[in-house]
Every structure is written in C-alpha cells, then in structure tokens.
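The values are calculated or read from the model by the stated rules, or taken from the named source; none is laboratory data. Please read all numbers here as calculations on a predicted model, not as lab measurements. Every residue, glycine as well, gets a Cβ built from its backbone with ideal geometry; the counts of neighbours run over all protein chains shown.
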Amino acid sequence: MTTAAADDPGIPPMPERTPRALREAIVQHAPQLLPDFDAHWKRYVADTYDIGTVPAFMARWWGEYAIARDPRPDVHVRDLEHRAAYECTDSAEARALLEEASNIRYMAARTEPGR
C-alpha cells in the first residue's frame with residue numbers, strides 16, 4: 001500500500017500532509033469524498049475554531065484518500081465491509097473480514113507524502 005503510487009504511475013501520489021493539500025488532491029482525484037470531507041471539516045474544525053481536532057481529522061481523511069485514490073484497495077475494502085455486514089452469518093468470519101479491512105485502512109493511513 002505504501003508504494004502504490006511509486007509502482008503504478010496511474011495512481012496519484014499522496015499530497016503534502018496539510019488540510020489544504022489533501023483537499024486539493026481529493027478535488028482532483030477522489031471527488032466522491034469531497035462532500036463528506038468538507039462537512040467533517042466544517043463541523044469539527046471550522047465551526048468550533050478548535051485546531052486541536054486537526055490531527056485526528058487529518059489522520060482519518062489521509063487514510064480515506066490513500067485508499068480512494070487507488071481503485072484496487074478501495075473496491076477491496078468496500079467489498080470486505082459489505083460482506084461482513086450483509087453476507088456473513090458467522091460472527092468470527094465477519095470479525096475477520098472487518099479486521100482485514102481495518103488493517104488495509106491502517107496501512108493506508110501510514111502512506112507518506114509523495115508515495
């Protein structure tokens with residue numbers, strides 16, 4: 001996951017790790033995320049004037065963008081979560097699917113700028 005952009009020139013690199021750069025990358029490469037990104041920013045940062053929430057905001061949206069910019073993990077994570085929620089009848093299997101999705105999200109959130 002951390003070398004996806006380096007391995008595939010069709011995957012945009014991660015931007016600088018700033019809210020503005022991340023928003024610009026979302027606008028260009030994952031516009032489906034923009035309404036939720038902007039609503040989250042407004043609710044937890046802009047409307048509260050609480051810059052202390054920015055690190056948590058960035059951690060969440062950094063990982064979301066890292067996955068959304070590459071269709072392979074994006075489709076895979078959504079499939080895992082869908083299967084866990086709607087197809088599993090065994091709680092252990094559902095937990096394993098969600099754990100796999102969580103691990104992908106964790107690795108995506110660790111992607112460095114430029115990768």
- Query: Going through region 50-82 one residue at a time, which ones are in contact (Cβ under 8 Å) with a residue 60 or more places away in the chain and among the acidic types (Asp, Glu)?
  - Reply: ASP70
- Task: Go through region 69-88 and count every residue that is in a helix (DSSP H, G or I) and buried (at least 18 other Cβ atoms within 10 Å of the Cβ).
- Result: 5
- Task: Filter region 10-58 down to the residues that are within 17 Å of ARG110 (Cα to Cα), hydrophobic (A, V, I, L, M, F, W, C) and in a loop (DSSP other than H, G, I, E, B), then identify the one that is nearest to the chain's Cα centre (by Cα).
- Result: MET14
- Task: Name, by its number, the condition in (1) in contact (Cβ under 8 Å) with a residue 12 or more places away in the chain; (2) in a helix (DSSP H, G or I); (3) more than 14 Å from the chain's Cα centre (by Cα) that does not hold for ARG115.
- Result: (2)
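Does ARG72 meet the test of being closer than 21 Å to PRO31 by Cβ and among the charged types (D, E, K, R)? Steps first, answer last, please.
On the way: closer than 21 Å to PRO31 by Cβ: yes; among the charged types (D, E, K, R): yes.
Yes.
Please tell me if ARG43 is crowded, with 19+ Cβ neighbours inside 10 Å and of a type outside the set (A, V, I, L, M). Lay out the reasoning, then the answer.
Numbers: crowded, with 19+ Cβ neighbours inside 10 Å: no; of a type outside the set (A, V, I, L, M): yes.
When the stated conditions are applied, ARG43 does not pass them.
Residues checked against (1) surrounded by fewer than 17 Cβ atoms within 10 Å (Cβ to Cβ); (2) over 21 Å from PRO9 (Cβ atoms); (3) modelled with pLDDT of 95 or more:
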{"residue": "GLN28", "(1), (2), (3)": "yes, no, yes"}
{"residue": "ALA39", "(1), (2), (3)": "yes, yes, yes"}
{"residue": "PHE57", "(1), (2), (3)": "no, yes, yes"}
{"residue": "ILE67", "(1), (2), (3)": "no, no, yes"}
{"residue": "ALA101", "(1), (2), (3)": "no, yes, yes"}
{"residue": "GLU112", "(1), (2), (3)": "yes, no, yes"}
